[in-house]
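Trainee: I'd like to ask you about the structure that follows.
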Amino acid sequence: MTGPGFHFDNTYLDLPEALYSKLSPVPVTQPEIVILNLPLATEMGLDFSGMSPDEQAALFAGNVLPEGAEPLAQAYAGHQFGHFTTLGDGRAILLGEHFTPAGQRMDVQFKGSGRTPYSRGGDGRAALGPMLREYVISEAMHALKVPTTRSLAVVATGEQVHRETDLPGAILTRIACSHLRVGTFEYAIMQQDKEMMRSLVDYTLDRHFPSIEDTANKALALLEAVVEKQADLVTNWMRVGFVHGVMNTDNMALSGETIDYGPCAFMDSFDPGTVFSSIDHKGRYAYANQPSIVQWNLARFAETLLPILDDNIKHASEIAEQVLRSFGPLHKEKWFSMMRAKLGLTGDREDDESLVTDLLDWMHGAEVDYTNFFRDLVPGDRPHGKPYDDEAFVAWYARWQERLARDQKDLEASLALMGASNPVVIPRNHKVEQALDAATNGDLQPFRDLLDALEKPYQNQSGLTPYQSPPKPEEKVLQTFCGT
Ligand code: AMP
Ligand code: MG
């Protein structure tokens, strides 16, 4: 057997031992490859052609460890729906950090790989449906140009996992810039060890923000950098209509990548209150709440940094509050600039704000499909039929045309801006559910077709229509489940 060519480094082991536990994945009985992401493998400099399907399956199941891997489970804590809990990788194992040919350091992690010291009451395993869900949504997000962890492979374990019923078990191989979370810092601060906090700050800066490593106040620099990254990330989510579903602080990566795809979904018709997750009873993580939840999570992050922001705790709080206060205006600016791009507008006019908010109010009231609307919107050619013949929309369209004409020297530039901001296709929830249902029953074809359809989401291609239509009433998926 020729190995796939992993080049592992294991710097996480240089951090204080309280932050992880060394252990190997628990082997499974009958692993079988369900899907292997060859384009991602190529990007990572990995070549699986020298391995038989059985050897590939044994590798991605954790039955045979690749050379250089030094597996560990990470300790972390988190605010789950607002309540603090200590957690950790209860069903995940980090193999190490692989160096890509481009010199990028990428975490390689198994999800569903067996019990760990952090499993609490859980079985350490994962079901096939949720792992395929993470696979398809993360790959779709990548194609949509939203920062995200990636998915390299899913193997079926040949074992059943018991949830409400018995389900086929699976392991996902997740690739991430890192798995450092707000929750990692929340765990570290519990150890009441300033040196540990300092080493974690140094480590995070080194991995994600090397250009600001030499700053006088490193904790402050890190906080500012994470605020900026998260403002960018949530703006991207809002752009494509993504609802994460479980924005607990343990599911917020400091790298600014979207992480931990549980009961997430994309919105069909525009509604700020959209919630899918079956466990989000109060709508805490609804579509339009996401920016303020990011800010809340950032406040939890800032709290962990207080002891090293300044020796004077009062002064440290003032510094942190000032940075946290910057999030609101920063996000608003990014959000408007994103919405302007969706509308093909350049420049900054006083009444842009009402142009955008009036549109969204109308879209909400008329239950307009969020994705298709922005593709139907073409300068000089008002769309017709339901819901576009509505008087309110006709009037808005005229205002938009006027605004376009005021600043736009070049219509092509507007069209290009709109084309790059507005996807033609998203992983609609009903299509995802249909594909996962079929896959769980042994038919992978709908899943593969869905992946193909989502590969170039900014390009009109033939065959996309079934993936672009909003769900029929009987197809609507009202709730999504973690399936943990
Ligand atoms: P999640 O909702 O996937 O972000 O998981 C929250 C926490 O629960 C994390 O610490 C997970 O590692 C843990 N967890 C989720 N499912 C399981 C499971 N089946 N067995 C053990 N731990 C789990
Ligand atoms: Mg999680």
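Trainee: For the range 97-115, what are the residues that are in a loop (DSSP other than H, G, I, E, B) and open to solvent by 10 Å² or more (accessible area, probe 1.4 Å)?
Mentor: Scanning the range 97-115 gives T100, P101, A102, G103, Q104, R115.
Trainee: Across the range 66-104, which residue is nearest to ligand 2 (Cβ to nearest atom) among those that are touching a Leu at 6+ places or on another chain (Cβ under 7 Å) and free of Cβ contacts under 8 Å to residues at least 60 places away in the same chain?
Mentor: Restricting to residues being touching a Leu at 6+ places or on another chain (Cβ under 7 Å) and free of Cβ contacts under 8 Å to residues at least 60 places away in the same chain, the top hit is A73.
Trainee: State all residues of the range 224-254 that are farther than 22 Å from I319 by Cα and among the small types (G, A, S); if no residue qualifies, say none.
Mentor: Listed by number, the residues that qualify are G241, G245, A253.
Trainee: Additional query: I'm trying to understand the selection: among the residues of the range 244-273, which are of a type in the set (F, W, Y) and either open to solvent by less than 10 Å² (accessible area, probe 1.4 Å) or within 13 Å of ligand 1 (Cβ to nearest atom) (or both)?
Mentor: Y261, F266
Trainee: Another question about this same structure. Scanning the range 36-55 for residues that are part of a helix (DSSP H, G or I) and in contact (Cβ under 8 Å) with a residue 40 or more places away in the chain, which turns out nearest to G103 (Cα to Cα)?
Mentor: E43
Trainee: Now, a different point. Restricting attention to the range 297-319, does a residue exist that is of a type in the set (S, T, N, Q), open to solvent by 20 Å² or more (accessible area, probe 1.4 Å), free of Cβ contacts under 8 Å to residues at least 40 places away in the same chain and part of a helix (DSSP H, G or I)?
Mentor: yes
Trainee: While we're here: Which one is nearest to A143 (Cα to Cα) among residues in the range 56-65 that are touching a residue at least 24 places away in the same chain (Cβ under 8 Å) and either in a loop (DSSP other than H, G, I, E, B) or within 16 Å of ligand 2 (Cβ to nearest atom) (or both)?
Mentor: So, considering only residues that are touching a residue at least 24 places away in the same chain (Cβ under 8 Å) and either in a loop (DSSP other than H, G, I, E, B) or within 16 Å of ligand 2 (Cβ to nearest atom) (or both), the one nearest to A143 (Cα to Cα) is G62.
Trainee: Across the range 470-484, which residue is farthest from ligand 1 (Cβ to nearest atom) among those that are open to solvent by less than 50 Å² (accessible area, probe 1.4 Å) and in a loop (DSSP other than H, G, I, E, B)?
Mentor: P471
Trainee: Moving to a separate point now. Being modelled with pLDDT under 95 and of a type in the set (S, T, Y) is the filter here; which residues of the range 455-484 pass it?
Mentor: If the condition is that a residue be modelled with pLDDT under 95 and of a type in the set (S, T, Y), then S462, T480, T484 are the ones that fit.
Trainee: Looking only at the range 275-285, which residues are buried (at least 20 other Cβ atoms within 10 Å of the Cβ) and away from ligand 2 (no atom under 16 Å from the Cβ)?
Mentor: V275, F276
Trainee: For L94, indicate whether it is buried (at least 22 other Cβ atoms within 10 Å of the Cβ) and farther than 14 Å from A153 by Cα.
Mentor: Considered against the rule, which asks whether it is buried (at least 22 other Cβ atoms within 10 Å of the Cβ) and farther than 14 Å from A153 by Cα, L94 comes out as yes.
Trainee: Being closer than 30 Å to A61 by Cα and either in contact with a strand residue (DSSP E or B) (Cβ under 8 Å, 6 or more places away or on another chain) or open to solvent by 10 Å² or more (accessible area, probe 1.4 Å) (or both) narrows it down to one residue among T215, T165; which is it?
Mentor: Answer to the selection: T165.
Trainee: Which one of the conditions (1) farther than 22 Å from M44 by Cβ; (2) β-branched (V, I, T); (3) modelled with pLDDT of 95 or more does T215 fail to meet, given that it meets all the rest?
Mentor: Condition (3) is where T215 drops out.
Trainee: Hey, any hits in the range 34-55 for a residue that's within 16 Å of ligand 2 (Cβ to nearest atom) and either at pLDDT 95 or above or of a type in the set (S, T, Y) (or both)?
Mentor: Checked the range 34-55: no residue is within 16 Å of ligand 2 (Cβ to nearest atom) and either at pLDDT 95 or above or of a type in the set (S, T, Y) (or both).
Trainee: So which residues in the range 195-212 are among the polar types (S, T, N, Q) and crowded, with 20+ Cβ neighbours inside 10 Å, if there are any at all?
Mentor: T204
Trainee: Could you check the range 251-272 and list, in sequence order, the residues that are touching a Pro at 6+ places or on another chain (Cβ under 7 Å), among the aromatic types (F, W, Y) and within 16 Å of ligand 2 (Cβ to nearest atom)?
Mentor: Once the filter is applied, which keeps residues that are touching a Pro at 6+ places or on another chain (Cβ under 7 Å), among the aromatic types (F, W, Y) and within 16 Å of ligand 2 (Cβ to nearest atom), the range 251-272 yields nothing.
Trainee: Looking at (1) within 15 Å of ligand 1 (Cβ to nearest atom); (2) more than 15 Å from the chain's Cα centre (by Cα); (3) open to solvent by 10 Å² or more (accessible area, probe 1.4 Å), which is the one condition that is false for P130?
Mentor: Evaluating P130 over (1) within 15 Å of ligand 1 (Cβ to nearest atom); (2) more than 15 Å from the chain's Cα centre (by Cα); (3) open to solvent by 10 Å² or more (accessible area, probe 1.4 Å) leaves (2) as the failure.
Trainee: If you go through the range 168-194 one residue at a time, how many are in a loop (DSSP other than H, G, I, E, B), open to solvent by 10 Å² or more (accessible area, probe 1.4 Å) and within 30 Å of I35 (Cβ to Cβ)?
Mentor: Total satisfying the criteria: 1.
Trainee: From L205, L220, L200, grab the single residue that is of a type outside the set (S, T, N, Q), touching a Phe, Trp or Tyr at 6+ places or on another chain (Cβ under 9 Å), more than 16 Å from ligand 2 (Cβ to nearest atom) and assigned to a helix (DSSP H, G or I).
Mentor: Only one candidate passes the filter, namely L200.
Trainee: Return the pairs, sorted by first residue and then second, in which the second residue is within 10 Å of ligand 2 (Cβ to nearest atom), the first residue lies in the range 240-251 and is hydrophobic (A, V, I, L, M, F, W, C), the beta carbons are less than 6 Å apart, and the residues are 6+ apart or on different chains.
Mentor: Every condition considered, the pairs that remain are V246/G262.
Trainee: If I ask for residues that are surrounded by fewer than 18 Cβ atoms within 10 Å (Cβ to Cβ) and within 15 Å of ligand 1 (Cβ to nearest atom), which ones from the range 60-89 would you list?
Mentor: Q80, F81, G82, H83, F84, T85, T86, listed by residue number.
Trainee: Is there any pair with a first residue in the range 123-143 that is within 13 Å of T173 (Cα to Cα) and aromatic (F, W, Y) and a second that is open to solvent by less than 10 Å² (accessible area, probe 1.4 Å) and modelled with pLDDT of 95 or more whose Cβ atoms are under 6 Å apart and which are 6 or more apart or on different chains, and what are they?
Mentor: Here the result reads Y135/S151; Y135/V154, each pair linking the range 123-143 to a residue that is open to solvent by less than 10 Å² (accessible area, probe 1.4 Å) and modelled with pLDDT of 95 or more.
Trainee: Moving on. Can you tell me which residues in the range 1-35 are in a helix (DSSP H, G or I) and among the aliphatic types (A, V, I, L, M)?
Mentor: Once the filter is applied, which keeps residues that are in a helix (DSSP H, G or I) and among the aliphatic types (A, V, I, L, M), the range 1-35 yields L13, A18, L19.
Trainee: Please specify each residue of the range 439-466 satisfying the condition of being under 24 Å from the mean Cα position of the chain (by Cα), under 17 Å from R428 (Cβ atoms) and open to solvent by 40 Å² or more (accessible area, probe 1.4 Å).
Mentor: Residues satisfying the conditions are P446, R448, D449, D452, E455, K456, Y458.
The values are calculated or read from the model by the stated rules, or taken from the named source; none is laboratory data. In this text the structure is predicted, and so the values were computed from the model without any measurement. In this analysis, Cβ positions are derived from the backbone assuming ideal geometry, glycine residues included, and neighbour counts consider all displayed protein chains. Ligands, DNA and RNA are excluded from the accessible area calculation, which covers all protein heavy atoms including side chains. Shrake-Rupley method; radii C 1.70, N 1.55, O 1.52, S 1.80 Å.
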